[in-house]
Structure formats: C-alpha cells, structure tokens
1. Does any residue in segment 54-72 that is over 13 Å from residue 90 (Cβ atoms) come within less than 8 Å, Cβ to Cβ, of a residue that is buried (at least 20 other Cβ atoms within 10 Å of the Cβ) and among the hydroxyl-bearing types (Ser, Thr, Tyr) six or more places away or on a different chain, and which pairs are these?
2. Can you confirm whether residue 13 is without any contact (Cβ under 8 Å) to a residue 40 or more places away in the chain, of a type in the set (A, V, I, L, M, F, W, C) and within 21 Å of residue 130 (Cα to Cα)?
3. Within the set of pairs 6+ apart or on separate chains, which have a first residue in segment 88-109 that is charged (D, E, K, R), a second that is part of a loop (DSSP other than H, G, I, E, B) and at pLDDT 85 or above, and C-beta atoms under 6 Å apart?
4. So, in segment 48-60, of the ones that are modelled with pLDDT of 95 or more and part of a helix (DSSP H, G or I), which residue ends up surrounded by the fewest Cβ atoms within 10 Å (Cβ to Cβ)?
5. Looking at 72, 101 in this structure, which one is under 18 Å from residue 42 (Cβ atoms), of a type in the set (A, V, I, L, M) and surrounded by 12 or more Cβ atoms within 10 Å (Cβ to Cβ)?
Amino acid sequence: MTEISAECPDCGAVQREAACLSCFHALLAYENERPPAFGAVHHLTVATYYLQHPRGYTFDVLRAWRDLLADALDGRATPREFLRRASRDFSGPIRVRDPQATPPEWWPRRWTMTIQSVIRPDEGLEVEEYVARARQWAAEARALLDRVWI
C-alpha cells in the first residue's frame, strides 16, 4: 500500500496509510459483505462520514444528518425512520448535493475520531468490534457538533 502523508482538508485526519475516501470505500464494502454490520450501523456510518466531509452538501442536508444521527444514538429513530425522513425531506426538486456548497465557518475541521479509527482498507475486523468502533465514531462526531452548533 502506498503511504500517504497528507492531511484531509475536511476532517483533518492525517492520512498515513489510506485516504479518507479509500477508508469509506472499505467501510461500504465491509458493510455490504456483512449484513449484521450493515443493519446495525450503516445509517450512522454514512451520516458521520458526510458530516466530517461536508463539501458539496447543502446545509439543510447536513442539519438533517446531524439530527438523524442524534435521534438514532438516543434511540428515537431507527434506520427505517432515517430513510423515511430523507425521502420526505429530500425528494423531487430538493437536492442534497451542490457543487458550490461549503460548510459554515464554525463547522469543525478537526474531529476527535475519524474514519481511519473505524476501518482501513484490508483491515480484518470482527463485526462486533466494527460496530463498536462505528458507534463510538458517530457518538464522538455528534458530541463535537453539539458543542459547536449555532
């Protein structure tokens, strides 16, 4: 594997072994190959990744992901509810992507935990460990957003 030493411009992670996007692709592949992991945390992992890599997403969708993340972690929303809300709030002409969108000035640029702490390409993990890491990542992202949210 080629060593990367750049810092991610979105989340601030030092990308020594793999770029954030490579880790995200590994995460998606892992969850796809392990239905129990997908069912347990996919709604958390995708929202957390995009909250930490917000360029190109509207503020409305960032707020929705943050609210859904908080509700899921607090036991107020299931993955099915996640999908229902997203379909309701972002269907038809309402878009989540905007190539010109940038996060607000107060948006975190450094996070206490990033995707590299959850999974890296070719990392072998048991489902239970992966789920625990993913839940911790989501909880830490939520806590930081709660502290800075305006």
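1. Listed pairs, sorted by first residue: 69/48.
2. no
3. 97/56; 98/58; 109/12
4. 50
5. On the way: 101 fails: under 18 Å from residue 42 (Cβ atoms).
Exactly one of 72, 101 is under 18 Å from residue 42 (Cβ atoms), of a type in the set (A, V, I, L, M) and surrounded by 12 or more Cβ atoms within 10 Å (Cβ to Cβ), namely 72.
The values are calculated or read from the model by the stated rules, or taken from the named source; none is laboratory data. Treat the numbers as computed from the prediction; the structure is a model and nothing was measured. Virtual Cβ from ideal backbone geometry, glycine too; neighbours counted across all protein chains shown.
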